[in-house]
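Only one structure is covered here, and it is reproduced in the block below.
The values are calculated or read from the model by the stated rules, or taken from the named source; none is laboratory data. Quantities reported herein were computed from a predicted structural model and do not represent experimental measurements. Using ideal geometry, Cβ is built from the backbone for each residue, glycine included, and neighbour counts are taken over all protein chains shown. Surface areas here come from the heavy atoms of the whole protein model, side chains and all, with no ligands, DNA or RNA. Shrake-Rupley method; radii C 1.70, N 1.55, O 1.52, S 1.80 Å.
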Amino acid sequence: PLPAPFDRRVQLFTGKGGVGKTSLVLGLALEAARRGHRPLIVELGHRASVPELLGQGAGLAVGYTPVELVPGVFAMNMSLDDALEDYITAQVRVRRVARAITQSQSLRRFFHAAPAVNEVVTLARLSRLAEPAPGARGSFSPILVDLDATGHALMFLELPRVFEGLAQSGPLHTLLAGFSKLLRDERTTVLHLV
């Protein structure tokens with residue numbers, strides 16, 4: 001038997017571009033809220049199309065901090081710069097220092113060009129979103145992640161395994177091991193092919 005549609009906390013969606021992933025994610029979020037859940041839609045940084053689908057277009061800015069789109073449905077957009085600042089702050093523990101690092105033009109060009117930086121900081125943010133227990137203050141469930149088209153999404157999801165041999169210890173190893181565990185936990189995470 002299939003599990004109930006909202007039993008899995010982290011739900012990842014991918015498929016060929018243009019097949020309706022975002023529309024499906026929005027529909028599921030609306031139904032989850034109707035059933036008393038607190039859904040969060042996570043769109044990746046190059047787009048924030050959920051407000052347009054709701055007909056709210058320019059009237060609502062969706063950024064790195066979750067905002068309530070309609071009663072009970074929250075959304076955020078995962079941009080590289082915000083996720084990078086958040087990740088560096090978690091490592092150095094001083095937001096002002098993290099902001100100085102991410103605002104350096106030389107370092108910013110490096111972070112944007114370096115392979116896998118965007119994926120690593122995105123994984124870090126998704127892991128933190130999934131940490132609080134469902135029902136805890138400020139937690140979201142389900143977390144509906146609108147991934148890129150299948151080819152890019154599969155590379156993204158393979159990142160923890162690729163780095164296993166490279167990062168044997170330290171913060172990167174801890175981050176990737178935690179996300180690998182989250183991805184492998186069938187009771188928590190599911191990948192939907194649309």
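Extension gain for T174 to A4 (0.36 nm times residue separation, less C-alpha to C-alpha distance): 58.1 nm. Across the alpha-carbon atoms of region 90-162, the computed radius of gyration and Dmax are 15.1, 42 angstrom. Of the residues L24, L147, the one with the largest accessible area comes first in the ranking L24, L147, computed with a 1.4 Å probe on protein heavy atoms. When the Gaussian network model of the chain links Cα atoms closer than 10 Å, the mean-square fluctuations of S180, S106, S139 top out at S106. The spacing between region 125-159 and region 57-115, judged by their C-alpha centroids, is 15 Å. Charged side chains reduced to their Cβ positions (Lys and Arg at +1, Asp and Glu at -1) give region 90-133 a dipole of some 280 debye around its Cα centre. Within region 11-91, the percentage of alpha carbon pairs spaced more than 16 angstrom apart rounds to 53%. 3J(HN,Hα) along region 8-22: 8, 5, 10, 10, 9, 10, 8, x, 4, x, x, 7, x, 4, 5 Hz, from the Karplus curve 6.51 cos²θ - 1.76 cosθ + 1.60 with θ = phi - 60°, whole Hz, x for Gly and Pro. Round to the nearest 10 and give me the degree value, 0 to 90, for the angle of helix 150-163's Cα axis relative to the longest principal axis of the chain. Between helix and principal axis, roughly 50 degrees. Placing unit charges on each Cβ (+1 for Lys and Arg, -1 for Asp and Glu) gives the chain a dipole about its Cα centre, and among V50, S127, G151 the Cα reaching farthest toward its positive end belongs to S127. What a 1.4 Å probe finds exposed on the chain is 57% carbon and sulfur by accessible area, rounded to a whole percent.
In this structure, Q103 and H152 have a Cβ-Cβ separation that, at R0 = 25 Å, corresponds to a calculated FRET efficiency of about 0.35. Scaled to the globular estimate 2.2 N^0.38 Å, the Cα spread of region 86-132, given as radius of gyration, is 1.21.
Under a Gaussian network description of the chain, with springs only between Cα atoms under 10 Å, the residue in V97, V121, V25 that fluctuates furthest is V97. Based on the alpha-carbon gyration tensor of the chain and its eigenvalue square roots a ≥ b ≥ c, which shape applies: rounded if a/c is under 1.5, prolate if not and a/b is larger than b/c, or oblate? It is prolate, given that a/c is not under 1.5 and a/b is the larger ratio. Short-range pairs are left out: with C-alpha atoms under 8 Å and at least six residues apart, the relative contact order of the chain is 36 percent. Rounded to the nearest 20, the Cβ-based charge dipole of the chain about its Cα centre (Lys and Arg +1, Asp and Glu -1) stands at 360 debye. Picking from A114, A33, A83, which is most flexible by a Gaussian network model of the chain using Cα springs under 10 Å? Among A114, A33, A83, the largest mean-square fluctuation in the Gaussian network model of the chain belongs to A114. In the full protein context, the chain carries 53 Å² of accessible surface per residue, based on a 1.4 Å probe and ignoring ligands, DNA and RNA.
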